[in-house]
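For reference, the structure is listed below as structure tokens.
The values are calculated or read from the model by the stated rules, or taken from the named source; none is laboratory data. Keep in mind it's a predicted model, so treat the numbers as computed, not measured. Counting neighbours? That spans all protein chains shown, and the Cβs are built from the backbone with ideal geometry, glycine included.
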Amino acid sequence: MLDDYRSCKYSNHASNLGAILAHRFAIEKNLPSFIVDPVTTDEMVDKARVSGVPGIERKSRSHALNIKHCVRKSVKKLQVDLAKSRFVVAHLGSGISVASVVGGKILDVNDALFGMGPFSIERAGAMPISGLMELVFDKQLSRQEIADLLSHKSGFMGYLNTKDLREVEDQLPNDEETRLIYKAMIYQIAKEIGSQYTALQGDVDALILTGALVKSEQFKDNLLQYLKFIEKYFVFPGSFELEALARGAMRVLSETETAKDYV
């Protein structure tokens, strides 16, 4: 596990440091340590992995920690059994994950780093393949330059040169391009949520909206305008990573959940 995180085998992300730091403190203090729902959590069903191109699989890279924690919070609100629960969860932040979560497992989700789903504050989301090919070959970009472009210099950052939703919303009354990009992001998020409802055949306990973007009442209300067909939803503004980490470790220490081995 430590070798995989140090080498960034699955992704180059700040969350890779979690296991490394946990191991360091465990050695120093002679205590057990755990990681909880990392971004590489992979529970996708086989049919969701198929991309359409042999040799290329869809990847499960999502905000699993916050997604699963918000599912547990919603289960308590609904007073339903986690093992029988069915949710669509949209984590909306600098990256966006929209997931089908059944029995507490993420059965399908867009790749939140790059290549899938809606564009976000700084990520490109799904791309027209012909346009991407022209961009790569015309500009002769390196692998790292492509990764930086798609994961850090796209979305609001690419179009509007800002990663601050507040700045974008301040400009909405005055700038036509800002309005277009803002509306386009919300439109794409709504489409992704709709696709996950279809994947679960409409049999969903509730929609969960979470992440920093839904701290904005304006953003949340504009998104919900597209989702009027959804009768039940929960909104958990922000992210709850520290709380989720603590609760996950406590479930293992209290023996209400069994720790899994890394494979």
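For the range 147-156, which positions are of a type in the set (A, V, I, L, M, F, W, C) and crowded, with 17+ Cβ neighbours inside 10 Å?
L149, L150, F156, listed by residue number.
Suppose we keep only residues that are within 18 Å of the chain's Cα centre (by Cα) and assigned to a loop (DSSP other than H, G, I, E, B) within the range 1-31. Which one would you say is surrounded by the fewest Cβ atoms within 10 Å (Cβ to Cβ)?
Top of the filtered list is N12.
From the list V214, V204, V168, exactly one residue is under 17 Å from the mean Cα position of the chain (by Cα) and crowded, with 16+ Cβ neighbours inside 10 Å. Which is it?
V214
Mind counting the residues in the range 147-175 that are over 18 Å from I96 (Cα atoms), charged (D, E, K, R) and not in a helix (DSSP H, G or I)?
Looking only at that region, the number is 1.
Which one is farthest from D203 (Cα to Cα), of the residues in the range 89-115 that are touching a Gly at 6+ places or on another chain (Cβ under 9 Å) and β-branched (V, I, T)?
I96
Taking the stated definitions as given, is L253 aliphatic (A, V, I, L, M), without any contact (Cβ under 8 Å) to a residue 12 or more places away in the chain and surrounded by fewer than 16 Cβ atoms within 10 Å (Cβ to Cβ)?
So L253 does not fit the description; no.
Regarding the range 198-206, can at least one residue be identified that is assigned to a helix (DSSP H, G or I), without any contact (Cβ under 8 Å) to a residue 24 or more places away in the chain and more than 24 Å from L107 (Cα to Cα)?
No, the range 198-206 contains no residue that is assigned to a helix (DSSP H, G or I), without any contact (Cβ under 8 Å) to a residue 24 or more places away in the chain and more than 24 Å from L107 (Cα to Cα).
Under 7 Å between Cβ atoms, at least 6 apart or on separate chains: pull out the pairs that start in the range 7-18 with a residue that is aromatic (F, W, Y) and end on any residue that is in a loop (DSSP other than H, G, I, E, B) and buried (at least 17 other Cβ atoms within 10 Å of the Cβ).
Listed pairs, sorted by first residue: Y10/T40.
Take the residues in the range 218-242 that are at pLDDT below 95 and part of a helix (DSSP H, G or I); name whichever of them is surrounded by the most Cβ atoms within 10 Å (Cβ to Cβ).
E241
Taking the conditions exactly as written (within 19 Å of G125 (Cα to Cα), in a helix (DSSP H, G or I) and of a type in the set (S, T, Y)), does T178 satisfy them or not?
yes
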